[in-house]
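See structure below.
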Amino acid sequence: MATIADTRKRAPKTGPDRPRSRSRLTLRSTLIGWSFILPNFVGFAALTLVPVVTLFYMSMTNWNVFGSSAFVGIANFQRLLGDGSFRIALFNTLYYAALHIPLTMIVALGLALLLNNKLRGVAFFRTAAFFPYITSIVAIAVVWNLLFSPEYGPINEILRFFGLQNPPGWLTSSEWAMPAVVIISTWRDMGYYMILFLAGLQTVPRELHEAARVDGANVWQRFVNVTLPCLRPTTFFVTVMLTINSFKIFDLILVMTQGGPGQSTLVLSQFIYQKGFQENQFGYASAASIVLFLLCIVVTLVQFFINKKRDA
């Protein structure tokens, strides 16, 4: 027969020791969680958060590498408003984005629709379409400069063969340089966004296409009423990524045209690079960077608002 002492020993503890053990378990779980988060957060803080906060301060100074900084308030932003080169760079950036975003989406979606079918060698064609995205930008510049050569380039030779006597000067023409850059950029980026659309297409239920086919819908009607609505999340993601990358275009223009002829392909990223690293005006370049940052934020928020309104 159990004694009173044995019963007390077997009874669960309800005193202060049990809450203490719970708090220790909670603390241990919290520390384990932070041990996973902390390395990534430290990298984010050191490489992104701190530089962004510093950028806002630098945009209000006239700091350069070789001297001390002096606080000037919003003088750099006022200077931007009167800078003709900045206005040209802003217009060219919007012009490039207005051409590049829809053209890349159409080509990438078309490729994804084509390569979503069961064709012989489809894996090879998917790889070939994606390959330009991982190709060296210098190699791309060399090849396309030869292709767009006004006198001996294959593209103008083909246009002359079809009867066009005065083909465009492409990269040597202030009117055609930006469209040429858009063509090259679309060719380079289409493979990456094709993969995204391809992933989205493979989530579209085949039952919906079969039901639409039974109801008598043709290929175009099935595409508009079945495929596109199912691709809305993928399309939204591609649109946001394309918009941000279009506003940040830098490397391709730097190696292809360096902003020329004249300032016909000068974009905001190159304007920032020139003012900061070539002219040593880091405060002024930081102010231009803030404008580019706010432009990306505003356009992205508008896209989120439109997408949310459509889903409502």
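Is it true that some residue in the range 137-158 is among the aromatic types (Phe, Trp, Tyr), modelled with pLDDT under 90 and open to solvent by 80 Å² or more (accessible area, probe 1.4 Å)?
yes
In this entry, Leu295 is excluded by the filter for residues that are of a type in the set (A, V, I, L, M), under 23 Å from Ala177 (Cβ atoms) and not in a helix (DSSP H, G or I). Annotation note: Cβ proximity below 7 Å between a residue of the range 186-213 that is farther than 15 Å from Pro229 by Cα and touching a residue at least 24 places away in the same chain (Cβ under 8 Å) and a residue that is hydroxyl-bearing (Ser, Thr, Tyr) and open to solvent by less than 50 Å² (accessible area, probe 1.4 Å) (sequence gap 6+ or interchain) occurs for Thr186/Thr104; Asp189/Thr104; Met190/Thr104; Tyr193/Thr104; Leu196/Thr234. What are the residue pairs meeting all of these: first residue in the range 113-128, first residue surrounded by 10 or more Cβ atoms within 10 Å (Cβ to Cβ), second residue modelled with pLDDT under 85 and not in a helix (DSSP H, G or I), Cβ atoms under 9 Å, and 6 or more apart or on different chains? Here the result reads Phe125/Leu119, each pair linking the range 113-128 to a residue that is modelled with pLDDT under 85 and not in a helix (DSSP H, G or I).
With respect to Leu94, determine if the residue is crowded, with 18+ Cβ neighbours inside 10 Å and assigned to a helix (DSSP H, G or I). When the stated conditions are applied, Leu94 does not pass them. Among the residues here, Tyr133 qualifies as open to solvent by 80 Å² or more (accessible area, probe 1.4 Å), in a helix (DSSP H, G or I) and modelled with pLDDT of 90 or more.
Which one of these does Gly216 not meet: (1) out of contact with any helix residue (DSSP H, G or I) (no Cβ under 9 Å at 6 or more places or on another chain); (2) under 23 Å from Tyr133 (Cα atoms)? Going through the list (1) out of contact with any helix residue (DSSP H, G or I) (no Cβ under 9 Å at 6 or more places or on another chain); (2) under 23 Å from Tyr133 (Cα atoms), Gly216 breaks only (2).
On inspection, Pro168 passes the criterion of being in contact with a Phe, Trp or Tyr (Cβ under 7 Å, 6 or more places away or on another chain) and outside any helix (DSSP H, G or I).
Out of curiosity, is Ser69 part of a helix (DSSP H, G or I), surrounded by fewer than 17 Cβ atoms within 10 Å (Cβ to Cβ), at pLDDT below 95 and in contact with a Phe, Trp or Tyr (Cβ under 8 Å, 6 or more places away or on another chain)? In short, no. Can you confirm whether the range 46-65 contains a residue that is open to solvent by 80 Å² or more (accessible area, probe 1.4 Å), under 30 Å from Arg188 (Cα atoms) and free of Cβ contacts under 8 Å to residues at least 12 places away in the same chain? There is at least one residue in the range 46-65 that is open to solvent by 80 Å² or more (accessible area, probe 1.4 Å), under 30 Å from Arg188 (Cα atoms) and free of Cβ contacts under 8 Å to residues at least 12 places away in the same chain. Scanning the range 287-312 for residues that are over 30 Å from Leu81 (Cα atoms) and either charged (D, E, K, R) or open to solvent by 40 Å² or more (accessible area, probe 1.4 Å) (or both) yields Lys308, Lys309, Arg310, Asp311, Ala312.
The values are calculated or read from the model by the stated rules, or taken from the named source; none is laboratory data. The model shown is predicted, which means the values in this text are computed figures rather than measured ones. Note: ideal-geometry Cβ built from the backbone for every residue, glycine included; neighbour counts use all protein chains shown. Heavy atoms of the whole protein, side chains included, go into the accessibility calculation; ligands, DNA and RNA do not. Shrake-Rupley method; radii C 1.70, N 1.55, O 1.52, S 1.80 Å.
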